[in-house]
Amino acid sequence: MPNFKTQMSKPDVRYLDEMRELLYDKEWAKKAPNLELYYMYRGIKEKDNLRYDITIIPSRMLGKEFVKTKGHEHIGDFKELYIVLKGEAIYLMQKQKSGRVEDVIIIRAKSGESVIIPAGYGHVTINPSKSELKMANWISKKCKSNYKIFEKMKGACYYYTTSGWIKNKNYDMIPKLRFEKPIKKIPKDLSFLNIGGERVSPDPRGERVSPDLL
């Protein structure tokens, strides 16, 4: 476990047993011990009805797949801001409608860069490097997470592996990956993270960040 002190004495730990069915390399998942995959320090501080968390994902291969978070959707019209504090992250965001994925966004971010998760997008964080990933997030205190779609579909619609991006065959009609860039500066006004705050501009390919938030 990483030596990291916060207001919470102990982090929530995500174990392999909670994610075995969500991995690409099924043979490896069957044989591997119940490893500690990543650490979640929740509620380190609060401001304006927002919660600040830190997640630490050590570098690790899950067989042929790079270590990742379990993945979740937000219940309600909530967005989320991620900030990479150390290392490098890949954020996979997928938007579903009527059981089918309409859009898949990939953003690779390094230390000092940020990513806004649009409302309506389930998301997974991947550590693609040989170094520890340490990231923070700001999110509404009212927001709850739903893991059911990722559990049902055995992961996100793409896996990131040593062979690159591989489609998850449990999904139908998976769209091509859409690569976007991270935010270089953290937005000063985070009110858009609360319901009734700043809205995201419409885009024919999916939701995009409004320029005045950057």
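Bear in mind these aren't lab numbers, they're just calculated from the coordinates by the rules spelled out. Fair warning: this is a prediction, and the values are worked out from it, not measured in the lab. Quick reminder, even Gly has a Cβ in these numbers, built from the backbone with ideal geometry, and neighbours come from all protein chains shown.
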| Packing-based exposure ordering (other Cβ within 10 Å, fewest first) of MET135, MET61 | MET61, MET135
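Arranged by the count of other C-beta atoms within 10 angstrom, fewest first, what order do ASP25, ASP189 take?
Values: ASP25 16, ASP189 11.
The fewest-first ordering by Cβ neighbours comes to ASP189, ASP25.
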| For the chain, what is the calculated [θ] at 222 nm in deg cm²/dmol (nearest 500), taking -39500 (n - 2.57) for each run of four or more DSSP H residues and dividing by its residue count? | -1000 deg cm²/dmol
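If r is the Cβ-Cβ distance from SER129 to LYS45 and R0 is 22 Å, what FRET efficiency results, to the nearest 0.05?
The formula returns an efficiency of 0.20 here.
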| message | Test of understanding: ordering LYS181, LYS68, LYS95 by Cβ neighbours within 10 Å, fewest first, what list do you get? | response | LYS181, LYS95, LYS68
| Which label in [x] 44, 18, 13; [y] 37, 19, 15; [z] 25, 22, 16 gives the computed semi-axes √(5λ) of the Cα gyration tensor in Å | [z]
| note | Across the alpha-carbon set of the stretch 61-125, Rg over Rh with Rh taken as the Kirkwood radius works out to 0.99
| query | Points 7 angstrom from Cα along the Cβ direction at LEU177 and LYS26: gap in nanometres? | reply | 2.3
| said: Would the stretch 102-176 count as rounded, prolate or oblate if I go by the C-alpha gyration tensor, calling it rounded below 1.5 in a/c and otherwise prolate when a/b exceeds b/c, oblate otherwise? | reply: oblate
| field | Calculated FRET value between ASP189 and LEU85, using beta carbons and R₀ = 25 Å, to 0.05 | value | 0.75
| task | Using a 10 Å cut-off on Cβ atoms, rank the peptides 98-104, 162-168 from the highest mean neighbour count down. | result | 98-104, 162-168
